Each structure stands twice: as structure tokens, then as C-alpha cells.
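Just so it is clear, none of the values below were taken in a lab; they were calculated from the coordinates. Since this is a predicted model, take the numbers as computed values, not measurements. In this analysis, Cβ positions are derived from the backbone assuming ideal geometry, glycine residues included, and neighbour counts consider all displayed protein chains.
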Amino acid sequence: MKRSSLRFMPREPKKSEVKRLRRTGYVPGILYGHGVTPLALAVSENDLSRLLAEEGRTSAIIDLHSGDEEPRTAIIKDIQIDPVRRRVIHVDFQQVSMTEEIESKVPIVVVGEENITKKGLLVQHQAHELEVKCLPEKIPEHFTVDVSNMGVGHVVRAMDIQVPEGVKLLVDPDEIVLSIVAPKRVEEEEEKVEAKPTGAEQAEAKKEE
């Protein structure tokens, strides 16, 4: 498990302060956790963006530093992104103990999708991440699903994912992660959804009867 470092500064939990921080290149956030008093803070937008690009948003253990204080060990629990500017506007950190299990979401990485495309098929994604419970140092960076040799009708469920020792999946083992389908089948499924009458349309039809 990778470990990163990030500097922060305490902030006032005021709306005017939040706006000022964003204008000056900082991302407002909060640090919380079991037995921890919530702390309003701010981190450099550039430093946070660099960390997210290198480590991802769910897998890195972060040592949060402020002045001469003892570093706080945390993970990123949630991120809010401006839908227009595509910039991080708020971040939640969860302080963790390296000896206590925590719940976290692990992204799913699909490899071999180009082979499926060459066959004229599609990979239909039902889940992009899976929730797990484990010690912080055991959180996987990602789960890998290789679809190279799969064919139409093949389904991958949560139970098919290779999970490292010490990591427990918190989702239904039968949950579908992805399936291999033919383009025509996808179109037919979409047409069925579009053709299905709404509740209002059904009520109107009954009135006409």
C-alpha cells in the first residue's frame, strides 16, 4: 500500500472563508473519524490534484501535516467536483488507525477490452468499484478483471473477483460487475426500456377504456 504526504492548514468553517480559499488556490475540506473531533481544514489544490493523479482517490494512505504537529494518518473518503470547471471544490478525509479495519471503495480496472471490441462485442459495465473492509495498509489499489478471452453472454460477478487475503468484500457475491454482450442485444434492451409505458401513460390508457 502506497503512502503519501499532504500539508494542510486549519480553517474557519465560514462560507466567506471557503470562497476566499478557493480563489487563492486552496480546497476546503474536513477531517473526521472514530473518536476524532471533526476538523475544518484546507489543502493546496495543486498538491491535492497531483496526489489524485498519482495515487487515485481511494487507495492512498495519507500523512496529513500541519506545522510541528504529529502527522494525522487518513484516507480520502469523498470528493466534490465542480461539474463545469471539473475542479475539486471539497474533500473529506477520514482519520484512520493502522490497527483497525475500515470500509473503503476499490475501483475496478478492466483489461483486454480491445479484444472484445475486435470480436464486435461490448463490455457492459454494471459496477465500477466494490466496497471492502480491511486494515488500511491492505486496501487494494484496484481490482483487475481480464476480459480478453471472454465471449458473448459471459458474466463476471463480485464472487469472481480475486480478493487478497485479509480483505473482505461487503457487497452481494452475486452482484454483477460486468457482462459481455452483442451490440444488437444492447439496442434491444434500450428499446424495451423506451417502449415501456410510464405510470401516467398507463393511467391515461385506462381512462380511455
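Quick notes on this structure:
- Placing unit charges on each Cβ (+1 for Lys and Arg, -1 for Asp and Glu) gives region 9-122 a dipole about its Cα centre, and among Ser16, Gly33, Leu48 the Cα reaching farthest toward its positive end belongs to Ser16.
- The chain - charge dipole about Cα centre, Lys and Arg +1 at Cβ, Asp and Glu -1, debye rounded to 20: 920
- Within region 97-114, backbone nitrogen closer than 19 Å to the virtual label 7 Å beyond the Cα of Val36 toward Cβ: 97-106
- Radius 10 Å from Cβ of Gln94, net charge of other residues (Lys, Arg +1; Asp, Glu -1): -2
- Counting charges near Arg157 (Lys, Arg +1; Asp, Glu -1) among other residues having Cβ under 10 Å from its Cβ returns a value of -4.
- Computed from Cα positions, the angle between helix 183-195 and the longest principal axis of the chain comes to roughly 90 degrees.
- Listed values for region 16-27 are Karplus-derived 3J(HN,Hα) couplings in whole Hz (6.51 cos²θ - 1.76 cosθ + 1.60, θ = phi - 60°), namely 5, 5, 4, 5, 5, 4, 5, 5, 9, x, 10, 10, and x replaces Gly and Pro.
- The dipole here belongs to region 3-96: it is taken about the Cα centre, uses +1 on the Cβ of Lys and Arg and -1 on the Cβ of Asp and Glu, and is about 540 debye.
- Rounded to 10°, Cα long-axis angle of helix 45-55 versus longest principal axis of the chain: 50
- Spatial separation of Cα centroids for region 1-25 and region 33-84, in angstrom: 9
- Of Lys15/Lys105; Lys15/Lys77; Lys14/Lys77; Lys118/Lys168, pairs whose Cα-Cα distance is over 28 Å: Lys15/Lys105; Lys118/Lys168
- Checking (i) 20.3; (ii) 17.9; (iii) 19.2 against the coordinates, the calculated Kirkwood radius over Cα pairs in Å falls under label (i).
- FRET E, pair Glu70, Lys133, Förster distance 25 Å, beta-carbon r, rounded to 0.05: 0.40
- Within-12-Å neighbourhood charge of Leu170 [Cβ basis; K, R +1; D, E -1]: -3
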